[in-house]
1. Please build a GNM for the chain, connecting alpha carbons under 10 Å apart, and tell me which residue among 89, 117, 47 fluctuates the most.
2. Where only protein heavy atoms count, and the probe is 1.4 Å, what is the accessible area per residue for the chain in Å²?
3. For the pair residue 57 and residue 83, how long in nm is the line joining their label points, each one 7 Å along Cα→Cβ?
4. If a/c stays under 1.5 just call it rounded; otherwise compare a/b with b/c (prolate if a/b is bigger, oblate if not). Do that for the stretch 1-118, with a ≥ b ≥ c from the square roots of the Cα gyration tensor eigenvalues.
5. Taking R0 as 25 Å, what FRET efficiency do you get between residue 75 and residue 25 from their Cβ-Cβ distance, rounded to the nearest 0.05?
6. Taking amide H positions as placed 1.01 Å from N in the peptide plane, with prolines and chain starts having none, which residues 5 or more places from residue 10, or on another chain, fall under 5 Å of its amide H?
7. So if each residue of separation counts as 0.36 nm, and I subtract the Cα-Cα distance between residue 102 and residue 49, what length gain in nm does that give?
8. Tell me, what is the percent relative contact order of the chain, built from C-alpha pairs under 8 Å that lie six or more residues apart?
Amino acid sequence: GGASTGGGKVSQQFVYQGLRSRGLSPEDARIGAAVMMGESGGNPGIDTVQSGLDPNKSNEFSVGLMQINAQAHGDKLKRRGMTVDDLRDPNKNLNIAVDVFREAGNSWRPWSAFTNDKYKEFMNFPGLIQ
């Protein structure tokens, strides 16, 4: 419950503020919000089956705003008492994303939208509050 998006898109501002409230620096939060756009385009319900990237879940099953790989990060889900479906909740997805970010040494490297530079298209977004 809480901040239900009613199937709508989640803004970069929402993600930026969400990451800031979880303790990330303004720069890390800004990059994270851009990575989110590169990963899901702001669609909190998307997964790699729906997007056609991995229709048979053969590579990985990534879910939600930050396209969290459910297999690779099952330990984090368990630790927070979450299911894979919880990753469709924007706030829960951001919780796990921050866990992954921290585990990677405060880096967005685990996300392909970061390593392939796709995130750079989304670095300047409206309403960015430093």
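The values are calculated or read from the model by the stated rules, or taken from the named source; none is laboratory data. The shown structure was predicted, so the numbers you read here are calculated from the model rather than taken from an experiment. Note that each Cβ is placed from the backbone with ideal geometry, even for glycine, and that neighbours are counted across all protein chains shown. Accessible surface is based on the protein model in full, side chains and every heavy atom, while ligands, DNA and RNA are left aside. Shrake-Rupley method; radii C 1.70, N 1.55, O 1.52, S 1.80 Å.
1. Top of the fluctuation ranking is 117.
2. 50 Å²
3. Label at residue 57, label at residue 83, 1.3 nm between them.
4. Working: a/c = 1.25, a/b = 1.19, b/c = 1.05.
Verdict is rounded for the stretch 1-118.
5. Once rounded, the FRET efficiency stands at 0.50.
6. For residue 10, whose amide H was placed from the backbone, the distant partners under 5 Å are 43.
7. Details: separation 53, 0.36 × 53 = 19.08 nm, distance 2.69 nm.
That works out to 16.4 nm of additional length.
8. Value for the chain: 28 percent.
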